[in-house]
Structure formats: structure tokens, C-alpha cells
1. Does anything in the stretch A:234-261 have its amide N under 17 Å from the 7 Å Cα→Cβ label point of residue A:332, and if so which residues?
2. Considering only protein heavy atoms, what per residue accessible area in square angstrom results for chain A with a 1.4 angstrom probe?
3. What would the Debye equation give as log₁₀ I(q)/I(0) for chain A at q = 0.06 Å⁻¹, counting only Cα atoms as equal point scatterers?
4. On a 0 to 90 degree scale, rounded to 10, what angle separates helix A:282-291 from the longest Cα axis of chain A?
5. Using alpha-carbon pairs under 8 Å, 6+ residues apart, how would you state the relative contact order of the stretch A:535-620 in percent?
6. In what sequence, highest mean first, do A:83-96, A:785-798, A:339-352 appear when ranked by Cβ atoms within 10 angstrom?
7. How big is D for the stretch A:820-887, in µm² s⁻¹ as a whole number, if Stokes-Einstein is applied with the Kirkwood radius of its Cα pairs at 20 °C and 1.002 mPa s?
8. Given the peptides A:850-861, A:326-337, arrange them by the average over their residues of other C-beta atoms within 10 Å, most packed first.
Amino acid sequence: MEAEILERSYNPENIEDRWFRFWMEEGLFRNTIREGRPNFCIVIPPPNITGSLHMGHALNNTLQDILIRWKRMSGHNTLWQFGIDHAGIATQNVVERQLSSEGFDRHRIGQERFVERVWEWKKESGGTITKQLKRLGASCDWDRERFTMDEGLSDAVKEVFVRLYEEGLIYRADYIINWCPRCHTALSDLEVNYEGVKGSLYHIKYPFPNSRDGIVVATTRPETMFGDTAVAVNPEDKRYKDSVGMEVMLPLTGRRIPVIADSYVDQKFGTGALKITPAHDPNDFEIGIKYNLGLIKAIDEKGSMTENAGPYKGLDRYKCRKKALKDLEDQKLLVKEESYEHSVGHCYRCHTVIEPLVSKQWFVKMSSLAMPAIDVIKRGEIRIIPSHWEATYFEWMNNIRDWCISRQIWWGHRIPAWHCKDCGQITVVRSEPGICKHCNGRNIEQEEDVLDTWFSSALWPFSTLGWPHSTRELDTYYPTSVMVTGFDILFFWVARMIMMGIKFMGDIPFHDIYLHALVRDESGQKMSKSKGNVIDPLLMMEKYGTDPFRFTLTALTAQGRDICLSEKRIEGYRHFANKIWNASRFVMLNLDGFSSGKPKKESLADRWIIHRLNIVTKDVTCALEEYRFNDMAGLLYQFWWHEFCDWYIEMAKDALAPDADTLDRQAAQETLVTVLDQGLRLLHPVMPFLTEHIWQNIPHNGKSIMVASWPVYDKERDDPEAEKQMTMLMEIIRGIRNIRGEMNISPGVRLKAIIKTQDQETGDIIMRHSRYIISLARLETMECGVEMVRPKASATSIIQGLEISVSLEGVLNFKEESERLKKELKKLDRDLEVLHKKLANEDFITRAPSDVVTKEKGRSSELSEKKKKLEIILKTITKCMEDAGLH
RNA sequence: GGGCGGAUAGCUCAGCGGGAGAGCAUCGGCCUUACAAGCCGGGGGUCACAGGUUCAAUCCCUGUUCCGCCUACCA
């Protein structure tokens, strides 16, 4: 690749697409397995086929990409397994909508044709999210893309279903389930969102036969009364003691139902009498079983009333409610209506109010699967990060309920079960059996229901690697390294993967679970289309560049905290990208005559920045190891901007000047290239495009920064002496700049500085590096030594025992300077007061650790010393003011 | 109802038993030829409230208030 001079400023447009293509063409994303290397594997949380990239995806995949790129550079065998989820209900909804716009519905074209239509749709629109993830720079092994509905994964699904069925862990039963009347399917408990809804609590009188008296029940859903099979009261309830065992008449239909007593009923709620509708309420269902009440279905799968509702038959459930209430009122049986807020289940896909229904469905028995999945977390075989999610996990797993896995839709894995019309038995096998296993009859039909999408997702960590076949990838990468996902699907997905992994692979699916936060808007609101507060990641990437966008997400990803994203932050980090761009540009413009090699003459600044680079390498690596993404970003930001750019580059300028010593220049060039190279590598996982582009244009070895080695901390390169000396020089420079700033002296004015040291040695160090101070503090001259005398008309700072005076002959405003010193003294007094109090405390001296005491004593004497010096200076200033007649 | 998390600068957030931090915003001074998407400097906080533990608390414990979130069968 030919080097090019960088443009004057960072412009992401021209570089992102280009380098992504380069990586693809070079096959750098591809998983390569080499013996003797550690393995690192992430299976992607599969995006929905219907999806397009939102902030959650952007965050989730940025973090995964950071980990994968880091491990790839560290020399691991790496696989980031990509794939897509068929999203049963969501996809079916999309295609149904399409059909309806053409004037069809799915029942008219039939299941087979419908499924074909979905595949057609997938071919056209299914690739959207893939393209978008590539735009984000995701370094998945794109050649290994899998789809939950493809052949291999479907085999895995069948295999698992059959084995669970054979073990008795899958069963079919009549049970109360959550029914979505719009999607026309059963849903698992997790797929129902409960929301507070303002409704009413209706008090309805159920009369005794041949009596005007009766029992008043309270309900939020009067339309379900046609399915009532009893009225229940608390056995302790004195009001109803005599009624238990009697019968009441169901209003509007006149059917008789018994009054029963059960302690489940809360005397204090409503009227203390509860209507029992086993076919339409999960609790009532339980009570129904307990008392053998039978099931009367009043509402059908479309949400309309059944013949059991008598004259209301065929009415929509809400229309029926309205009409029934009016009729009850006419009959004076509606005793009271009070407004009441309660929570109502909604379909998580289409937001329709869920109807609890009794229906024949397939279930997975969970308790025996859950137990080992609890243990692996307890034993620490799988770590959840941040760990506080463990409690939530245990809570759910310990109270786990059976999982309803059948869905009455057409898009999904059809349940591999065949019903025999002759003997009524079920045959569950891996492939079309042809005959009934029980009676050998040929009159069999496959179950129409399909499986919950999460059933196939639960197998994801091994099905994508080839299971049930034995493959090299499966051998190498299972258990995978880490699962990176949002906490919102901890139960939906993560827990189920653990259970299935243990069950079918005999091993955990991953070692770590990193649960990241939700991305919210800047005021902490969940982003949603209806609120109109969504920030579109694609728009952000276009506007500010992918790298700054990724960096922003990374910098905001603190463990256990939600992310409040504002566009301002992205803009800010674009400035950071520009800074890196320009620092690199500076280096490239100063490489005349550069030849790589160990410098013969290192300056203090060279030693210092190499030392800092080494430390940052250690810290960044450590942050990654602990999933502290925000710390990683912060460390890199600080190092690049405030150490490399603000200090090292400025200090190197002298050495690069045309008239500078050749050896100095060589050392500076070598250092600049080294820091740039290593600094870019450290940054690459977060900002892949920018770093690749720059890296390709500086002296480098290797094909791509993507596969350049990850920098390694080397204890030998620690240089605490350089750090110490630089810190002192930096503080001196800051001290002089501070005076300039506070005194409002323009940067154009060159100053004279006089530094009085306490010992000769320090003076020598300062003099040896005076060029840094002269240049960065913009001095004309600098003198330094033990014997220095402060000029009368000068402003002074005390730093590390040094008395730094800036001569301001003729320009010093004595009043201003005395104010400045007084301010400084006031601050000192405050600090000293605290310290004195502490040191005067006998308990502190005796009980605090001795190093703390020593430190505080040292600080105290340092500050006292400083105070003394400042007071003397203030005195002379005051005297000067008096002499000049100022007050 | 149960559980979890949060309350730190104007904003968004780190930190966490011994000297209150960052980015952005703000104010003052600068076109100092890598960068005005920049440089230099400044101001700004009883670390929600009340107790307790400790030589020492923003940090640990208890309680209160307010905000999120998860979870649950009160009709």
C-alpha cells in the first residue's frame, strides 16, 4: 500500500468502506484454527431477520467486536460466529401485512405457499441487518453465516425435540396459556408484557335461585362471567359463611354455579367474593383443578364470544363487555362501578391485550433442566458480569415454570410429531415416519404447530458450530468464551442456552456472560419509536463517522449502568478522532530522513512517553480483561490527547526542527513512530477504520493492523525516574502558564523565569531540560539554581519546594499579584487546617496505618513550607505596593 | 407485594474508607504553521437527607425521600 499524505482533517467518508472491503478481500475475518494457540469464540446474539440496526445492536456488536479484535491481535484462534434468527411471530406479521395489502390472507394461500412467500421475503429483505453490521465494522466470520431455519439448525432443533420428548421432558397438555388474538398464537409467559391500565372494578350481583338476594362479586372482566364455574369466598369470611355450598344464578344466562370456600380469596379485596373462570384466568384455572370445576370457554381464539355466552355469541370480547354491562344495569344487577388500575398482559410483538385461554399446547418441563443451570453459576463455572445479575437469575430459575413452546403460526420449525387419526396416538421422530408407530396405520398427519423461536435460539452456541454433527469448530470453540448481550434477554435466551448446553453438550455454553446496559436517550428514557426519541445509529455513523460513534458507546459503557446517549457526546469524540488524525499527520510530516532503528540518544521526553505507553498498554489490557470498556476508552483518550499530543509532541518539536541535532531528531522520529504504531494498535478494537487507515500510511510491518500483534506490557521498560522528572517539569511549566493566564499576559510575550531550588541536584535536572520549559512556557530566558534571587516585580508560584518567579518588570500589577497570592494562601490554610486537626488527633497517630500518617505528615510540612514562602513573597509585594503608594 | 439499581460540577457520567475527578457546557486569553473539530488558563460541588460504625465516611451499615428497572396470580 502506497503511503499518502493525510488530508487536513478527519473525514470518515472516504476511509470506512474502503478498509472494510480490504479486510473482506484479504479474508481477515475468517476463523483460522492453528494448533497450540488459545481459542476465543463469541457467538453473536442473532439479530432478527426483520430487524434493522438500532442502538442496542450497535452497542452490543461494538463490544463484541472490541473483544474479538483484541483477541485476534493477541494471537488467539478467534471465531465470531454470525447468524440470524427467523423471528417467527415478527416475520409472520410482516409477511401477513404484505399479503393483506395485496388483498389476501394467509389462510387463502395455505401454509405451504405462505412459507414460500416468507422465504422470498427473506431473500429480498433479510440481508438488511447484515449490511448494517458490516457498516459498523463488525469483524464476524461472515462466510459462516447461519440462519435458525437453515437445514443444519433445523436438524439440531428436531434432534433436541425428539430427545426431550423421549425422556418425557416435552409433553402436550390442556393448559391455560397466553393467547394473542391478533397473532393468533399461544405465547410463553415471557412474551407477555404487563402494563398498568386504568379500568373499572365492576360489582355484579349473582342472585340466589328464587331470591332477590345474592352474592356480589367484583371483577375487571365482566365478559368472562359466561365462563364462570363457581363463586369463591374465604372460609373465614363471616359474611358468606352461610352461603358456602349453596348455588347462585349466573346473571344473563341463568346457569347455576356453586359457592365454594378457599383461602386463596382475599376478604379485604372488592366484595370478598371472587368469580371463578377456569378457562380464562390462570389462578382460576388452578382453583378449577383443585375443586374439579370443569372448563367453560366463553371466548374463542379470535377474541369473540362463544356459544356459551348465549345471546352474546359472536360478539367481540370488548363489545360484549359493554353490552353485558348495560344489560346488567337494566336488570339492576350492576351494583357498583369503581375506577381501578390494574395490570393487563399485552403481546410483546403486536401489543394486543392477551387473552388467557385453555388450549392444548406443547410444554418443556423445566425444573430438572434448571437445577444444573443454577449450579454452574453458583460454582462460578459461568461468571455473570456484572455479578449482581446473579440474584435475578437465581430468582427466576428457582421459580421456573414450564415453557410453552408451541405456536399456532406457520413460520418456524414445525413440531416433528405426527398424529394418528386411527388410534389417536402421537409419533415423535426426526423425519417423516410414514406410519404410526403405535398402530402402524398410514393415516397420520404432522402437527401443524411450530416451535417458539427461542427454542432454536437456545441451541445457538452449539447448533451454529455444527451440532449434532461433530465438527472442528465445535471441538475447538465449545464452550465459547463469552456471551455479550443485554440483560433484557437473560431469561428469554441466556438461561435457556445454559440449560440446553448442559443437557445436550454436557458442558456450559460459555464461560462469561457480559450483560450490558440499555441505551436510553439523554434524559434516561427508553428509546422508542412511539416516543420519537430514537437516535438512529446509521445516521450517527454517517454524520460523525463509525469510529467516533463506536468510541462514544464504549466510553459510556460502565458496568451496571444504563447508557444515556446524547448526540453531543458523539460529536465530542469525533473531535478526538480528528485529534488522532492530526497527531498522525504531524508525525508523517516530520519523517524526512527517518530510518527505523533503536535510537542512539534518547531524550527525557522520549523515555517518558515510552514509559507511559508501556503503562497504558498494561492498563488498557487489564481493563479489557475485566470488561471495563469505559475505562479502556478513558485511558486511551487521556493517553492520546493529554499525554502524547499535549506534551510529547510539543516537546518533540524542538528535536525535529531543521537545525536540531541529528541524533535528537532520529530519537524523536523513532519515538513518534513507535508511540503512534502502538497507540493505534491499542485503539484499533474501538476505532478500527481510522486506525487501519493511519497505520497503513505510517512505517509499519504486516498486512493489516487487524492482525498486528497486540502490545504487551514489559516491566523492563518501566522508567519511574523519567516519570518523576517529567512530572516536575510539567508542573513548572503549568506554574508559569498559570501566572501568564491569571495575569492576562498574551502568549505572544516571551517571559523571563527565575527558579530557586533547594538543592543543586534538582537545579541541574531543571537546567538540563530547560529547553522544554523555555519552549512550552514560552520563555525568553530561564535561570535556575540555589542562589537565585526573586526580582521584586515578579509573580511567583511554589511548586514542589521550587520558587518559580516570572519577572514582570514594568508590567506587573502588584494588586493583582497580591490578590492571586492571597487566594492561593486561603486555599492552603483550608488544607492545612484539616491536616493539623488530623495530626493533632492522638487516635489518628496511633491507630491509622503508619504509611498514611507519614504521608500526611509529609504533606503537612510541604504545605507549611509553601505557606511560609508565599507569605514572605506577599509581604514584599505589599511593601512594593506601599512604596508605590498603592493600597 | 417482592427484588435490584441509582441520587457526585449547569448537563452526561466515572470514582469509592485517608488530599472531590472526566467529557461536554461556561468564562478569560490566543490564528503559538498537526489540529479553531484547536491551544493555554480560570470558575464551579455541605458527593440526596437523617442517624450509626470508624482514628478517619462521598465511599461501609441502618432508616427516609425521590427516580429508574426487573419480577409477581390480589380478582
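The values are calculated or read from the model by the stated rules, or taken from the named source; none is laboratory data. Keep in mind that what you see is a predicted model, and the values were worked out from it rather than measured. Reconstructed Cβ throughout: ideal geometry from the backbone, glycine too, with neighbour counts over all protein chains shown. When the accessible area is computed, the model is the full protein with side chains, heavy atoms only, and any ligands, DNA or RNA have been set aside. Shrake-Rupley method; radii C 1.70, N 1.55, O 1.52, S 1.80 Å.
1. It comes to A:251-252, nothing else.
2. Values: 40130 Å² over 887 residues.
I get 45 Å² per residue for this part.
3. -0.62
4. Once rounded, one gets 40 degrees.
5. Values: 28 pairs, mean separation 20.0, N = 86.
Computed over the stretch A:535-620, the figure is 23 percent.
6. Numbers: A:83-96: 22.6, A:785-798: 17.9, A:339-352: 15.2.
Order by mean packing, descending: A:83-96, A:785-798, A:339-352.
7. Values: Rh = 13.6 Å.
Roughly 157 µm²/s, to the nearest whole number.
8. On the way: A:850-861: 12.4, A:326-337: 14.2.
For the peptides A:850-861, A:326-337, the packing ranking is A:326-337, A:850-861.
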